[in-house]
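**Student:** Dropping a structure here in structure tokens format, bear with me for questions.
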Amino acid sequence: MEESKWYVVHTYSGYENKVKANLEKIIENRGMHEFFDQIVVPVQDTIEMKNNVKKSVQRKIYPGYVLLKMIITDDTWYVVRNTRGVTSFVGPASKPVPLTDEEIISMGIEVPDFELDLDIGEIVRIITGPFEGSVGNVKDINHQKKTVSITLSVFGRETQVEVDYHVLQRM
């Protein structure tokens with residue numbers, strides 16, 4: 001069986017959680033668990049001030065979209081496409097196009113679990129984030145936190161920053 005991939009489904013605005021619940025119910029009823037790994041409505045916790053009271057609120061990061069990690073077959077496409085509240089898959093002519101690894105990482109959906117084979121003193125480039133494009137030397141590697149300390153030249157000064165494994169590229 002092929003590997004599941006992430007796809008994006010466009011929904012009616014405000015129906016994201018309803019689409020997720022409907023899909024989960026259909027998958028359960030039809031016994032299609034082996035084709036669907038995850039259904040996600042990405043949310044972010046924010047703090048709002050209302051009547052001088054701080055309140056924690058969950059906001060949808062991508063309103064109108066639901067993310068699915070699934071294996072595409074004619075049956076799974078049909079099930080998703082005909083779920084109440086779903087308008088289409090994101091892609092040309094509603095053909096499902098899987099997200100790339102870079103898109104998955106940048107969206108924060110999933111961080112690949114891998115070991116980085118770097119040595120202290122090696123030169124690396126940061127490929128995403130606030131230091132994107134910066135080049136520096138590896139000073140320390142923390143395998144438990146999956147971070148690397150790097151010395152960068154920022155405004156002409158040596159600055160040590162700590163970044164995640166997945167934002168580095170070996171030079």
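**Student:** I want to confirm something. Restricting to the stretch 82-107 and keeping residues that are more than 30 Å from TYR165 (Cα to Cα), open to solvent by 70 Å² or more (accessible area, probe 1.4 Å) and not in a loop (DSSP other than H, G, I, E, B), which single residue is modelled with the highest pLDDT?
**Tutor:** PRO92
**Student:** Would you confirm, using the coordinates I've provided, whether VAL53 is aliphatic (A, V, I, L, M), modelled with pLDDT under 95 and open to solvent by less than 100 Å² (accessible area, probe 1.4 Å)?
**Tutor:** Against the criterion (aliphatic (A, V, I, L, M), modelled with pLDDT under 95 and open to solvent by less than 100 Å² (accessible area, probe 1.4 Å)), VAL53 qualifies.
**Student:** Of everything in the stretch 161-171, what is of a type in the set (A, V, I, L, M, F, W, C) and surrounded by 11 or more Cβ atoms within 10 Å (Cβ to Cβ)? Give them in sequence order.
**Tutor:** Of everything in the stretch 161-171, those that are of a type in the set (A, V, I, L, M, F, W, C) and surrounded by 11 or more Cβ atoms within 10 Å (Cβ to Cβ) turn out to be VAL161, VAL163, VAL167, LEU168.
**Student:** Would you please list the contacts, defined by Cβ atoms under 7 Å and residues six or more apart or on different chains, that run from a residue in the stretch 126-141 that is free of Cβ contacts under 8 Å to residues at least 24 places away in the same chain to a residue that is in a loop (DSSP other than H, G, I, E, B) and surrounded by 14 or more Cβ atoms within 10 Å (Cβ to Cβ)?
**Tutor:** These pairs meet every condition: VAL138/LEU118; VAL138/GLU122.
**Student:** Out of the strands (runs of 3 or more DSSP E) lying entirely within the stretch 1-63, which hold 2 or more residues that are of a type in the set (Phe, Trp, Tyr) and under 15 Å from the mean Cα position of the chain (by Cα)?
**Tutor:** Strands (runs of 3 or more DSSP E) meeting the threshold: 5-11.
**Student:** Output the number of the condition that TRP77 fails; it satisfies all remaining conditions of (1) touching a Leu at 6+ places or on another chain (Cβ under 7 Å); (2) modelled with pLDDT of 85 or more.
**Tutor:** It fails just one condition, (1).
The values are calculated or read from the model by the stated rules, or taken from the named source; none is laboratory data. Owing to the predicted nature of the structure, the values given are computational and were not obtained by experimental measurement. Glycine also receives a Cβ, built like all others from the backbone with ideal geometry; neighbour counts cover every protein chain displayed. With ligands, DNA and RNA removed, areas are computed over all heavy atoms of the protein, side chains included. Shrake-Rupley method; radii C 1.70, N 1.55, O 1.52, S 1.80 Å.
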